[in-house]
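In what follows, a structure is listed as structure tokens, so that the remarks can point back to it.
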Amino acid sequence: MERRAFLKGTGVWLLAGGLGQGLAQGRPPRGVNGGGFYRLALGQVGVVVLSDGQSAPGPLLPNWGANPELQDRFRQTLLENFLNPEATRNNFNPVLLDLGTARLLVDTGRGAASGGRLLEHLALAGYAPEEITHVFLTHGHPDHIGGLVDEGGRPLFPRAQHLMGEVDLDHWLKNPSPAVTRNLVPLRERIRPVKDGEEILPGVRAVASFGHTPGHMSLEVLSQNQRLFVFGDAAGHHLLSLRFPQAYLGFDMDREGVVRTRARLFQKVAQEGHLVTAYHFPWPAVGRIRRAGEGYEFVPAFFEF
């Protein structure tokens, strides 16, 4: 068949039926790409990355790379990686760890009133809020604790034990933000403080990753010799925080401390070959970290359906 005839026939098919018809008629897409969750197995642990949605496009600098002396290099790096420094979306990626007898949700997103889609995507992944047995909060920022309670202040995960690093919990209760007052304070008696190194469930250990907030905590998961490191916000930006060892974010509360923390954790996961996930990395935010020059780089895992 001649090329012109083939293209003409293909165009007729697209307009008359098939995928092209829906696009031509302007039917809006339903849901989000991938259904808002990504499931993988870590030994005997089921890992489900849950999208809480994305932000609207906005400036990436200086929030995601705040060093004044590095602004030009940050911008160049973003452009080289096809990211528009003036209009970039932010991802929000809570994680569910299904241990069979326990289901641990790591962070709760922004809350439905702020555009959060965690509950919607949790349902699509096959879970009800009542099935969550544990909720672990990496830290007290609004986009991590915003989905703890409903509009009446009632817990959205009513049967879950809530856990949070003792240092961060103490800081936010003494210095409450509006989000803390709305979400954490009503659940204060339900929240159990966690120490660095504590095994909160079999194979799930809390790891101090202070700096982004005074007591930020990450999780290390081990099952059948397979490891996953759940960074929360300790990893920062997937390009700038890895490429530039001295980089810090505009909302890192202890800039010198967080640089040291990232250096320690990046070295650890790179040397040990951990699978990693981070709260604001590009969806589905699963991969590994390896050495690259004086810094590191994130290598996304091969997407499996």
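The values are calculated or read from the model by the stated rules, or taken from the named source; none is laboratory data. Here the structure is a predicted model, which means the values were calculated and not measured. All Cβ positions, even for glycine, are placed from backbone atoms using ideal geometry, and neighbour counts span all protein chains on display. Surface accessibility is based on the protein's heavy atoms, side chains included, excluding ligands, DNA and RNA. Shrake-Rupley method; radii C 1.70, N 1.55, O 1.52, S 1.80 Å.
Structure data summary
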read-out: Residue list for the stretch 71-90, restricted to those being open to solvent by less than 20 Å² (accessible area, probe 1.4 Å) and either in a loop (DSSP other than H, G, I, E, B) or touching a Phe, Trp or Tyr at 6+ places or on another chain (Cβ under 6 Å) (or both); value: Pro85
read-out: Hey, Glu120 of a type in the set (Asp, Glu), touching a helix residue (DSSP H, G or I) at 6+ places or on another chain (Cβ under 8 Å), touching a residue at least 24 places away in the same chain (Cβ under 8 Å) and open to solvent by 10 Å² or more (accessible area, probe 1.4 Å) or not; value: yes
read-out: Qualifying residue in the stretch 113-136 (condition: under 14 Å from the mean Cα position of the chain (by Cα), among the small types (Gly, Ala, Ser) and within 22 Å of Ala278 (Cβ to Cβ)); value: yes
read-out: Selection status of Asn90, more than 22 Å from Asp233 (Cβ to Cβ) and of a type in the set (S, T, N, Q); value: no
read-out: Some residue of the stretch 160-169 being open to solvent by 10 Å² or more (accessible area, probe 1.4 Å) and either β-branched (Val, Ile, Thr) or free of Cβ contacts under 8 Å to residues at least 12 places away in the same chain (or both); value: yes
read-out: The stretch 272-305, residues that are assigned to a loop (DSSP other than H, G, I, E, B), open to solvent by less than 30 Å² (accessible area, probe 1.4 Å) and out of contact with any His (no Cβ under 6 Å at 6 or more places or on another chain); value: His274, Ala278, Tyr279, His280, Pro284, Ala285
read-out: Options Ser218, Ser209: the member that is under 21 Å from Glu272 (Cβ atoms) and either in contact with a helix residue (DSSP H, G or I) (Cβ under 6 Å, 6 or more places away or on another chain) or at pLDDT below 95 (or both); value: Ser209
read-out: Residue count, the stretch 248-266 (criterion: buried (at least 20 other Cβ atoms within 10 Å of the Cβ) and free of Cβ contacts under 8 Å to residues at least 40 places away in the same chain); value: 1
read-out: The listed residue being open to solvent by less than 10 Å² (accessible area, probe 1.4 Å), in a strand (DSSP E or B) and either within 22 Å of Leu97 (Cβ to Cβ) or acidic (Asp, Glu) (or both), out of Val221, Val269; value: Val221
read-out: Hits in the stretch 176-212 - residues which are open to solvent by 80 Å² or more (accessible area, probe 1.4 Å) and farther than 25 Å from Arg103 by Cα; value: Pro178
read-out: Which numbered condition Arg73 fails, given (1) under 20 Å from the mean Cα position of the chain (by Cα); (2) of a type outside the set (Asp, Glu); (3) under 25 Å from Leu249 (Cα atoms); value: (1)
read-out: Output for the stretch 91-114, where each listed residue is open to solvent by 40 Å² or more (accessible area, probe 1.4 Å), in contact with a Phe, Trp or Tyr (Cβ under 8 Å, 6 or more places away or on another chain) and of a type in the set (Val, Ile, Thr); value: none
read-out: Options Ala235, Ala263, Ala179; residue that is of a type in the set (Gly, Ala, Ser), touching a helix residue (DSSP H, G or I) at 6+ places or on another chain (Cβ under 9 Å) and under 30 Å from Glu69 (Cβ atoms); value: Ala235
read-out: Residue match in the stretch 139-146 (condition: charged (D, E, K, R) and either farther than 23 Å from Pro282 by Cα or open to solvent by 60 Å² or more (accessible area, probe 1.4 Å) (or both)); value: no
